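Let me begin by presenting the structure, written as structure tokens, before commenting on it.
The values are calculated or read from the model by the stated rules, or taken from the named source; none is laboratory data. No experiment lies behind these values; they were computed from the predicted model shown. With ideal geometry, Cβ positions are generated from the backbone for all residues, glycine too; neighbour counts draw on all protein chains shown. To get the accessible areas, we keep the full protein, side chains included, count just its heavy atoms, and leave off ligands, DNA and RNA. Shrake-Rupley method; radii C 1.70, N 1.55, O 1.52, S 1.80 Å.
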Amino acid sequence: MAKQYGFYMDTERCIKCWACEVACKQWNGIKAGTIARRKVHEVESGTFPNVTRTFVSMSCMHCAEPACAAVCPAGAISKRGEDGIVVVDKEKCIGCHYCFFACPFGVPQYTDEGMDKCDCCIGNGVTPGDTPHCVATCPTKALQFGTMEELAEKVSGKTAKQMGAAAANPSVFVS
Amino acid sequence: MAKEGKLTRRAFLQGTAALGATAALSGCAGQETLEPSSAGAPAVEAGEAEVRHAWCQMCGPARTHCSTLCYIKDGRWTNVEGNPEAGNNWGRGSRSLCAKGNAAMAVLYAPGRLLYPMKRVGEKGEGKFERCTWDEAMDAIAAKLLEQKEQYGAKSYGVLSPQFYAVLGTMGRRFLNVHGSPNYMHSAICNSQRMFSRLVTIGGPAHAQATDTAPGQLDKTKLLVVWGYNSENSAINQGNPYARLNAIEKGLKVIDIRPMQDGLAAKADIWVPVRPGTDGALAMAILNVIIEEDLYDHDFVENWCNGFDQLAEHMKQYTPEWASPITGIPVEQIYEVARLMGTVKPMGINIGNGIGDQQNDGHWTVACACLIEAITGNLGIAGGGGAGMVAPPSLIKTKSIDVLTDKLPKTEEDEKNGFMAGVSDLVGPETPRWFQTMETQESGPTTAYFKGIMSILTEDPYPLRCIFGQSSNPLSATRQPKKVEEALKKLDFYVVMDTQWNSSCDFADYVLPACTNYESSYQFGTKNSADGTFIAINQKIAEPMGESRSDWEYYLDLAVRMGYGEDFWNGDMDACLREQLDGSGIDLEELRAANKGIFVERTDGAKPTEPKYQDYEKMFASLPGGKVQCYNEWIGNKPNCDDTGTISPLPVYNGPAESIAGTPDIAEEYPLVISDVHAYRLCNHSYYVDVPYLRELQPYPWVKINPATAKQYGIADGDWVKIESPHGWVKMVARYLESIAPDVLMSRRGWWQPCEELDLPGYDHLDGGSEINVLYDAELANFDPFNSAMSKQTLVKISKLEEGN
């Protein structure tokens, strides 16, 4: 099987500093006040004083079986064979939002140019497979990148699990 | 260690010739939509971009914490990343940065940049200004300073020191000394406060080397107590959060004491949501339990403590039962924390701004934390307080700027009292006059920022006549902006130099446009590690916007105009830099040409070594009797900083001017406690609210509120609320947070900057605005009697505010 790159989100190390979100924007030339390819989410549970806060940084999951690509009527979304990165051809995108409804995670966002989402920074010059900027900038190494094999090794011994979402098979581990 | 000449040097030089070809950027440049295309290192390789070095400015002007690589494409700075050569954060190879660092470009291109010198033509506060030339402004400032020196004495001039700021700490201090004024107006909201308290309690050869309670070898620590310290906000990329998370993975236990469960507190084993401003009571109760339950190290106490029996007797009254209603922490939890601190070893304490300089009991709170660390036998042991590994020496030895301390005249009063030069003339001493020496304050005498400003109103002991404010907005940097505004209105002469029009500029006589450190090449720094030593200078990323100038140049220019040129390299900043580099083996041209800085590898195989453990004789040498001051004979029973009374030799707890347990009558009308975070990860104190990437994450001034409390007042998440204290009122947007006590609110100060790109306003600093400092008490008599720390907690009532926006 060809390589499949993905992310590992270690929630035990994420401190909600937002560095990944801002790095993503500056490197991908995204104007403030528009979209965010990567977002830091928060889950707060319990009641004071027995409260826990968990922070999770998420972007496109680069699924093994991307539902977005499957439904795209314009053939604008494709999964790259050599590295498994899911990319959008904005020239082809007709802005129908089908992909948004198909994506189990609500990842696709839209600008005047078409659907927009994470491409592991290959659009801004990062060699496919090299570290995307959100990962490189993470001050706590909470966010990591690699092939699914490399990531599986990294999370062995942790409670990390590959994200499950039925048929889509997201390329993301979370612990 | 290898001889300097034998070292391998790796310099990173690329494309500097293109520097001069960069188009000068002028006018107020807006942030354009950036088209995605090849960026960063790949673009440099492809010849499509240039890379230049800068020390990140986002933690404040003239900081040299994080070395960054800045990518310039078509004459515009488009991207930034951590410099992997420098050894940022976890060491060499790290390219990490915080959110602010990733947004740094906006600081250069901000639409709000000041471009020309301005002089006031209307009344103070009216906002009527006219453009003038640098010559006109500088001549006027020089003439006024000379005239005031003649008429009122040089001491009538003071400078605002908002946070550590290299220009101010070196050139600004040198100017003060040459001019003859001791009035360096230090914030009193600073690590310096904690260092004073540590120094007089657990020693250290001098102020900046005061014995530390924080673990020097975290990998050997079993219990870390994080107390009012939020490195996920204040120092994200400086190694602390990273190292702590590693240690937690390896089994470190953490107790995090602070009112709001922010990022790293969420990783702690025990979170202690102490009521803001009451940490002193908690510290005293913990000390009580450790002594009463005999959890202290008898051998240490017998040999190395002064007055332990007096302390033990004194602490009997401060039980957990006493502290619980003050702090809001259940009695059982106080016992639990005290017993852990008393039994788990090695234990270290991260003492943060939150407890040391953000409350009027700052000194005793820190002193009690130091005593806990000391009497449990945790000082100077591997994994305990201090005792860090000793790094091999720096391979690049630069000199610091001599601040010419000897130039500050010693007055007759100084001679008579045996004071350090200038101390008698301080307008509002930050620490007691008798305490200020070159060992306790190595940079010279200090006046407290707020006290200095208040002298204008009180004229006690005399009024300051000229204040120079550099990258500081006194209407947000200290307490009670209503009083500060009144003082600025009365002040004879106020000069501001800033990159943007801060809200205090309306009261200035002259406003000078500062360039950022991305537009000058004067700031250099080094980083030393086991691998080697890194040195780099800020390279010019753009020509200064408009007529803006470097803060460094300002001082040289002013000094020359005032006839102090000989002491200021006759105005030549490069000469000043060459003097600092002299003997380092690095010359200025080489440094300025290094686009990624210069890294000198360590080739002699030297490794960090273990320190000498339990070296108490040396550690406590500066303390009376060479012992830990359980009963403080250094500062006890001696005059306080205002000469209005004496300092207690044993711990005392006063509480904030308004508090639930301390002032129940006020609490009846104002039932909630409010405070604000000191440092925050999306701003630098009150600055950078204009930065689009940061502002979009938090568009409005916020107040965190427990949902149960909010619902009680009919406040929904996202509603504007009116927050009233006995001192003033502000409006903010309520944000639900379960991890905050129902009787506590937490906020963030600042918010005076508008964000043009996102069409979001700035907010006023008076009643009805959003500057939280308007809510706090600012009676000088309530400040910490030893270090001038001011309370940052008060009582408030809240209500939903219709049309708050």
query: If the label point is 7 Å along Cα→Cβ of residue A:52, which residues in the range A:1-30 have backbone nitrogen under 13 Å from it?
result: A:11-13
- line: Violations at 29 Å Cα threshold for listed pairs B:220/B:267; A:3/B:267; B:144/B:489; B:345/B:618; B:100/B:490; B:397/B:596 -> A:3/B:267; B:100/B:490
task: Note the buried accessible area between A and B here, summed over both chains, with a 1.4 Å probe, in Å² to the nearest 100.
output: 3900 Å²
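So which GluC sites (Glu not before Pro) in the range B:411-496 end up in coil per DSSP with only 12 or fewer other C-beta atoms within 10 Å? Walk me through the numbers on the way to the answer.
On the way: sites: B:412, B:413, B:415, B:430, B:439, B:442, B:459, B:485, B:486; in loops: B:430, B:439, B:442, B:459.
Those satisfying the criteria are B:459.
For the protein assembly as shown, what is the charge dipole size about the Cα centre, in debye to the nearest 20, if Lys and Arg each add +1 at the Cβ and Asp and Glu each add -1 at the Cβ? Before the final figure, lay out each step's value.
On the way: 91 positive and 122 negative charges, 390 e Å.
Dipole of the protein assembly as shown, to the nearest 20 debye: 1880 debye.
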- prompt: Which value, in debye to the nearest 20, describes the size of the charge dipole of chain B about its Cα centre when Lys and Arg Cβ atoms bear +1, Asp and Glu Cβ atoms bear -1, and nothing else is charged?
  reply: 1400 debye
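Summarise the accessible area of chain A (1.4 Å probe, protein heavy atoms) by the percent that is carbon and sulfur.
Ligands and nucleic acids excluded, carbon and sulfur reach 52 percent.
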task: Report, in degrees rounded to the nearest 10, the 0 to 90 angle that the Cα long axis of helix A:19-28 makes with the longest principal axis of chain A.
output: 20 degrees
message: Quick check on chain B: of the DSSP beta bridges with both residues there, what percent are antiparallel, nearest 5%?
response: 55 percent
message: At 7 Å along Cα-to-Cβ for each site, give me the label-to-label distance between residue B:589 and residue B:299 in nm.
response: 6.2 nm
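Taking all protein chains in place and a 1.4 Å probe, what share, in percent, of the accessible surface of chain B do carbon and sulfur account for? Before the final figure, lay out each step's value.
Numbers: 12860 of 26770 Å².
Its accessible area is 48 percent carbon and sulfur atoms.
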- line: Net charge (Lys, Arg +1; Asp, Glu -1) of residues whose beta-carbon lies under 14 Å from that of residue B:176, residue B:176 excluded, is +1
Dipole moment magnitude, nearest 20 debye, the range A:46-175 about Cα centre, only Lys, Arg, Asp, Glu C-beta charged: 520 debye
message: Just to be sure I understand the rule: take each whole DSSP H helix in chain B, project its Cα atoms onto its long axis, keep it if the span is 15 Å or more and its mean Kyte-Doolittle hydropathy is at least 1.0. Which ones pass?
response: B:279-292, B:362-375
- request: Using DSSP to define loop residues, name the GluC sites (Glu not before Pro) in the range A:66-149 whose beta-carbon has at most 11 other beta-carbon atoms within 10 Å.
  value: A:82, A:91
- prompt: Do any GluC sites (Glu not before Pro) in the range B:267-327 lie in a DSSP loop with no more than 13 other beta carbon atoms within 10 Å, and if so, which?
  reply: B:293
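Could you give the Stokes-Einstein D for chain B in µm² per second, using the C-alpha Kirkwood radius, 37 °C, 0.692 mPa s? Write out the running numbers ahead of the final one.
Details: Rh = 27.4 Å.
Translational D for this selection: 120 µm²/s.
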field: Distance (nanometres) between label positions extended 7 Å along Cα→Cβ at residue A:89 and residue B:766
entry: 6.2 nm
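Which FRET efficiency, nearest 0.05, do residue B:269 and residue B:716 yield, Cβ-Cβ r, R0 22 Å? Present the calculation step by step, with values, prior to reporting the outcome.
Details: r = 34 Å, r/R0 = 1.54.
Working from the Cβ atoms, E equals 0.05.
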query: If each of residue B:343 and residue B:486 carries a label point 7 Å out from its Cα toward its Cβ, how far apart are those two points in nm?
result: 5.4 nm
- request: Multiply the residue gap between residue B:45 and residue B:799 by 0.36 nm, knock off their C-alpha separation, and tell me the result in nm, one decimal place.
  value: 265.6 nm
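Can you give the FRET efficiency to the nearest 0.05 for residue A:150 and residue B:249, using r as the Cβ-Cβ distance and R₀ = 25 Å?
Details: r = 19 Å, r/R0 = 0.75.
According to the calculation, E is roughly 0.85.
Any idea of the accessible area per residue across the range A:5-174, 1.4 Å probe, to the nearest Å²?
Working: 6890 Å² over 170 residues.
On a per-residue basis, 41 Å².
If the chain between residue B:458 and residue B:136 were fully stretched, how many nm would it gain, using 0.36 nm times the residue separation less the Cα-Cα distance? Walk me through the numbers on the way to the answer.
Working: separation 322, 0.36 × 322 = 115.92 nm, distance 3.21 nm.
Residue separation times 0.36 nm, minus the Cα-Cα distance, leaves 112.7 nm.
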- prompt: What residues does the range A:26-69 have that are buried by at least 50 Å² of accessible area in the full protein assembly compared to the chain on its own, 1.4 angstrom probe?
  reply: A:26, A:27, A:29, A:31, A:32, A:44, A:48, A:53
